Amino acid sequence: MLNQSFFIQAIWISIPLLFGCLGTIYSEKSGMLNLGTEGIMMTSAVFSFLGAYGVYEASNNVVLAAIVGVICGMIAGVLLNMIYAVITIVFKANQTVTGLTLATLGIGIGNFIGKANNDKTLPISISEVFRGHAASGISIPVLSKIPFIGSVLFTQNLFFYIAIILVILSWIYFTKTRPGLYVKAVGDNPGSAESMSINVNKYKFIHLIIAGAIISLAGSFFMLGYNNTKWLENVSNGYGWIAIALVIFSSWKPGGALLGSVFFGALLLSFTLKSNPALAVIFSKTYIVLIILVIISLCFIIYFKSNNKSNWLTDIKDKLAGQQKILRPLLLAFTAIGIGLLIFGYKINTLMIIGIIIYSVAMVAFCLYKPMYALAISVILFYVILCIANKDYLKMAPYVSTVLVLSFISARKKASNRPPQSLGIPYFREER
Amino acid sequence: MNNNNLLSMHNVTKTFGDVIACNKINFEVRTGEIHAVLGENGAGKSSLMNIISGIYIPDSGKMFFEGNQVKFQFPKDSIKLGISMIHQHFKLIETMDVLDNLLLGRSSTFFLNRQRAVSFFKKKAAEYKINIDLDKNISDLSMGEKQLVEILKVLSMDPKLIIFDEPTTVLTPQEIENLFVVMRNLKSMGISIIFISHKMNEVLEITDRITILRKGKSIVTKDTIAVNTAQICEYMVGQPIDLHIKKVTTDFTKTILELKGVGCVNEEGTKVLDDVSFSLRKGEILGIAGINGHGQKELCEVIAGIRHIQDGAIFFHHKDITKFSVKEILREGIQMSFVPEDRLGMGLVPHMNVVDNVLLKDYYKKGIFLDYSWSEECTKEIVEELDVQTSSVYAPISLMSGGNIQKVLIGREIKTNPELLITAYPVRGLDINTTLKIYSLLQSQKQKGVGIIYIAEDLDSLLELSDRLLVLHHGKVMGIYDPSKITKEDVGLMMVGRKLVKNA
Amino acid sequence: MPRIIKKESTKKQKAITYVTGIGASVLFIIILILCLGKGLGETFEILGDMFVGMKMFRNVLNLAVPLTIAALGLAVCYKMKFYNIGGEGQIIAGAVAACAVARVMEGKNQFLTLAIMFICALIAGGIFSLITGLLKVYFNANEVIITLMFNYIALVFAELLQSTYWREGAFVSVRSLTDNARLSNLPISLMLIIFLIEMLIYNIIKYLRAKKIKLFSREHKKFPFDVKHTVTFSLLIVLSILCLIVIPNKLEASVALFFLLVVYIVVDIFLTQTKKGFEIAVIGESTNTAIYSGMSVGKTTIIVTFVSGAILGLAGFIKLAGINYQFSPSITSGIGFTAVIIAWLANLKNGRIVVIGFMYAFLYQGIKFVETSGVNTSAADIILGMILFVALTCEFFNRYKIVGGTKDA
């Protein structure tokens, strides 16, 4: 269940996600949509492995090997990202394709060199540099004595502490320093930034270097900070792609990256939780599922029709919009009651049916008034019921939530949570 | 070098492919003066300013600042020397607040000290009598307030020369007054100002000297007190050319198009069309004069169905087409053609060949498969009748010269036998032969009974060709006149905002 | 200081850059093999071995066909500048639908089973892709990230199927398809010849129609084809003859190749001859012109995403019913991502996609064959990556040129 060891493990999983996300935030804030995170993780993993191995064979010094390993990984990650930088900034190539190629190349390099060095093993003692002798983590004096939090947060892998420090430094960088402000300008409006005598291309390059370095720490973590002693094929296991999703979730803020990666870590681990099989009966009532799906489609249809030409739907919509203050809490209450009855009344059929009817009515009204909300609520409800039925669906959670969050953000006009405006667009000064 | 001159430019030239933006321009600005630069669109003002501020690199010529020769590679080179520019389209970052935008300009330390910055900017603002709230988000400010932020940002870089590019276009009258107060303060502090504008009364009110550009050349520089509006207009529009247009007359009476109280707001929230009303008869050419950017583009787009309007209505043969999109106009069988200002960006697809581009007008007819028969016939006719020079009609259209591209565009639009033809700047950038050909084309269409809206910058052609002339200023109709009863100077004055006193 | 400005390049300049690009790529491959510590002589021996490996035609075909179909589907999207990288997810969607039908229809008539599998795969792939199109049109969400996420949603669902709903016995696997759900086999040499001849005929007809040449009229006495097309067509004929000679007669593979043929012809006709195809080209080039001409960008986006998703679903169907015969989460073998790169390398031109798709399959299988010599399969990824980087750089030199600084008066 949701006990100590669950959280400890969740944080372990969140470490590479955090590095990946934080690094990608740096590149995306400067306007570069770099999809190659997975490749950087793989390449840096293999090079940190080789670096540590080489130094250990030569000197038998575990700490030195660990340090050199991490540095080698960072150099590899930075160099790989430099290829991307040159091709997208100097040669103005399409960022999406270049990023994907970088990922393919990086994964290829990682597996290629890894397989070729399949025979080499690292001693467990290297990972103990990061995990402490008890293999449960390096404890911070005093703080680790706090019940529960002490063992979850303050007796952790060294990489976690490095990550926290990086998050704090990044937060300071983005909010309190001059280059941090400049990079925001570069990402939002490079033309304006250039007219303020900011060298846009220089900023993009530098941030891609930083991004490469930070993401490579995830690779080093996989090989050195865990209990891997040999090369594992595809050691980064898709975490690079999740990190890209995380960036959106984190609203391009370092603090968000920390919270988001722990949340995603917990999500990825959540399928190990025990579920209440009785609840699964909700899903087995096919008509409930069908009704929810119908409502979702209805939302779409009503949304299209009421947005285009004027007809009876837009008239109702206008009337409802006028009643906003009363309507919104009323509808929300109805929806909550409906869902509540549905889920908690799972033992009694009638309750479920009543719940579904109330929910449907509320949804239809919502559709006319604010279809986006209705759609979002219905999709989330459907997904939650799916997860209750079979907890393996929770593995999808990071991706589903990213899609929902991104759709929501892109549709709204609120400025502060939006992505950097020039994300993915090549910058060209003398455009006439 | 003249020691009074802060900035001087000698024989500066800048070309973009075939177009000569600046043609051996000589220009100078003294210390502590407000110097206006006037000229129609395409006269070279923006290019000249971009060269001064380091955004463009000139092809040839010399530039001197404070007595030393300078060559700018980046905008920051000019900024370092003390030249700043406040653009017409503000270079502010919408997602940040005022303080952050100000910090973009000035900050030499690694760590931002917001407290210190706040007091610094509050002091500077008080010095120049600028009133803004530093905490507000840029997206919440009015245009006037945004401009004040730009000015404050520029001031924090200790400029010696500030270029204001059409600063009053987006301001309310009160905000304009405020701006002038600020500008006088700047002048008293010894900062020189280059003031680019189209509005005569403002130029006369605030400036010390005026330089007039026309077609890329600098025509004249005079002290403001030594000129009057009539002279300025004459310099701007030049001597009349005899276009040998033999005007034809028609006697149709039916009204084709009617606009009533049309108002339109653009994406940035500015009103681009304000209470526009007029009607167009069959077989009539309605000329529309006005400085570029005063609503002509939007006017065409609202009639063609590309843009929505917020107020008013549009009628075609008394049928309400206000809410019609382009597709609906086509479907209803309304014969309307539009030759847009942006030929390769809107009217045509640059990388496709001529036949494909002509097909754009015809492809939507019934059926799944494309039918090139009309398009190929049409292309052959256009090439023959308009004498289009091209190696092959199957080569990308972007390889053709500007004149030939325009011939294809106009030819295509005419081939559908429209009842209403909207043309925006149809002869811009074309040689004299093609220009005359297009004029005669318009006349022959007029004789057939086509109602034509003719938007142009060249006042001579407008006066010669139009049956009636509408003058547009900041989206408002200044008046509709009989061209035979009006002079070029009158039109010029209306274009810059002066209302005409005599009757139409 | 040098500056970069835009330009249009002539055919000759483009050819030069492409040849340089190919040369650079070959150089990279040689350097890579050298880096592994093999001598120069051994390197050429390895390259030679790769050709021997290429004789494994069945493997080549099994890789090339779904890959090329996927790339063709993606190309439809890219023509409209809708950067769909959801290939993996859409292929899985098609495979899932096909497998579901196969399980329901075990033991029934083969043709009927396959037909329904085919249709369901198309629809499933289409709808899966349609959702991302809707999100883009109505919420303006960045399609790159959305399609990427849907890939993983599909992948998790596939894992779920294998571990829960469709699980067989103690091991985590799905039972293989019964015989009636498998595509039948034909000799490869026969199929390849038919394929090549059909491509030849289609392209000849297309060329003649475009140039409006009637073969049997009295007017045209001279040879109707220009140099480029003559070379292409003769190459096709030579290849067909080669197939007869080189490929052993007994070697068989599924009839998936015919699906490729059909998809190619359908996509080609769709993009070049239909109104929708015209709209796609215009919208991709210039949205302003599209709106000016009365085209509806949103509607076209939705149709295009559905069509491309359907084609990718078809690739999934082929993978399942013609190659793997068993559903598993790794049924795509990374084809979804590789297809993105192939479509881009081929500059979205249909014919080139087929050529490059097959070339990639040859290269990949050749490298796999020499695995025993110590060059492991991940080398294929590296090589493909380097080639693509070279190609992207070449595109730059085609579109821009570098000029010197200013001159004084």
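We did not get these values from a lab; they are worked out from the coordinates using the rules stated. Quick caveat, the model's predicted, so the values are computed rather than measured. Using ideal geometry, Cβ is built from the backbone for each residue, glycine included, and neighbour counts are taken over all protein chains shown.
List of remarks:
- Shape analysis of the protein assembly as shown places it in the prolate category; the axes a ≥ b ≥ c from the Cα gyration tensor give an a/c of at least 1.5, with a/b above b/c.
- Axis of helix B:402-415 versus longest Cα principal axis of chain B: the two differ by about 40°, to the nearest ten degrees.
- FRET efficiency estimate (nearest 0.05) - Cβ-Cβ, A:Ser139 to B:Gln389, R0 60 angstrom: 0.15
- Classification of the stretch A:1-96 by its C-alpha gyration tensor yields an oblate form. The axis ratio a/c (a ≥ b ≥ c) is 1.5 or more, and b/c is at least a/b.
- Computed magnitude of the charge dipole of the protein assembly as shown (debye, nearest 20; Cβ of K, R +1, Cβ of D, E -1): 780 debye
- Projecting the Cα atoms of B:Leu370, C:Ile146, A:Val183 onto the dipole axis of the protein assembly as shown, where Lys and Arg carry +1 and Asp and Glu carry -1 at the beta carbon, places C:Ile146 farthest toward the positive end.
- Inter-label distance for B:Lys62 and B:Met143, nm, one decimal - labels placed 7 Å from Cα along Cα-to-Cβ: 4.1 nm
- Simple label model, 7 Å out from Cα along Cβ direction - B:Lys71 to C:Val266, nm: 6.2 nm
- Footprinting exposure proxy for A:Lys120, B:Lys488, B:Lys366, C:Lys228 (fewest neighbouring C-beta atoms within 10 Å first): B:Lys366, C:Lys228, A:Lys120, B:Lys488
- DSSP beta bridge pairing in the protein assembly as shown, given as percent antiparallel to the nearest 5: 60 percent
- Between 0 and 90 degrees, the angle of helix B:173-188 with respect to the longest Cα principal axis of chain B falls at about 40 degrees.
- Relative contact order, whole percent, for the stretch C:250-301 stands at 20, derived from Cα pairs under 8 Å and 6 or more residues apart.
- Cα shape, the stretch B:367-504, gyration tensor, a/c 1.5 rule: prolate
- Likely footprinting exposure, A:Ile164, A:Ile356, fewest C-beta neighbours within 10 Å first: A:Ile164, A:Ile356
- Here A:Thr121 and B:Ser401 are evaluated by their C-beta separation; at R0 = 60 Å the FRET efficiency comes out at 0.30.
- Long-range HN-HN contacts of B:His473 with modeled amide H, under 5 Å: B:Met478
- Note on the protein assembly as shown: dipole from Cβ charges, positive end direction compared against C:Tyr83, A:Leu158, B:Leu463; the farthest Cα belongs to A:Leu158.
- Couplings 3J(HN,Hα) of the stretch A:375-385, computed from phi: 4, 4, 4, 5, 5, 4, 4, 4, 5, 4, 4 Hz, in residue order, whole Hz [Karplus 6.51 cos²θ - 1.76 cosθ + 1.60, θ = phi - 60°; x for Gly and Pro].
- 13 Å reach of a label modelled at C:Lys81, 7 Å along Cα-to-Cβ, counting backbone N of the stretch A:177-207: none
- Long-range HN-HN contacts of B:Met85 with modeled amide H, under 5 Å: B:Ile163
- Simple rule: put +1 on each Lys or Arg Cβ and -1 on each Asp or Glu Cβ in the stretch B:68-120, find the dipole, and look at B:Ala117, B:Phe90, B:Val70; the Cα lying farthest toward the positive end is B:Val70.
- Net dipole in debye of the stretch A:7-123 [+1 Lys, Arg Cβ; -1 Asp, Glu Cβ; about Cα centre; nearest 20]: 160 debye
- Between 0 and 90°, nearest 10: helix B:143-155 axis offset from chain B longest Cα axis: 40 degrees
- Each label point was placed 7 Å from the Cα along the Cα-to-Cβ direction; for B:Thr270 and B:Lys365 their separation is 4.3 nm.
- Near the amide H of B:Thr31, within less than 5 Å, lie the amide hydrogens of B:Leu6, all on another chain or at least 5 residues away, with H placed in the peptide plane.
- Put in order of Cβ neighbour count within 10 Å, fewest first, the listed residues B:Arg412, A:Arg412, B:Arg307 become A:Arg412, B:Arg307, B:Arg412.
- The magnitude of the dipole of chain B, with charges of +1 and -1 set on the Cβ of Lys/Arg and Asp/Glu and taken from the Cα centre, is near 740 debye.
- Applying the Karplus relation 6.51 cos²θ - 1.76 cosθ + 1.60 with θ = phi - 60° to the stretch B:129-140 yields 3J(HN,Hα) values of 6, 10, 10, 9, 8, 6, 8, 5, 7, 4, 5, 8 Hz, where x marks Gly and Pro.
- For the stretch C:90-186, GluC sites (Glu not before Pro) are listed when DSSP marks them as loop and at most 11 other Cβ atoms sit within 10 Å of their Cβ; the list is C:Glu168.
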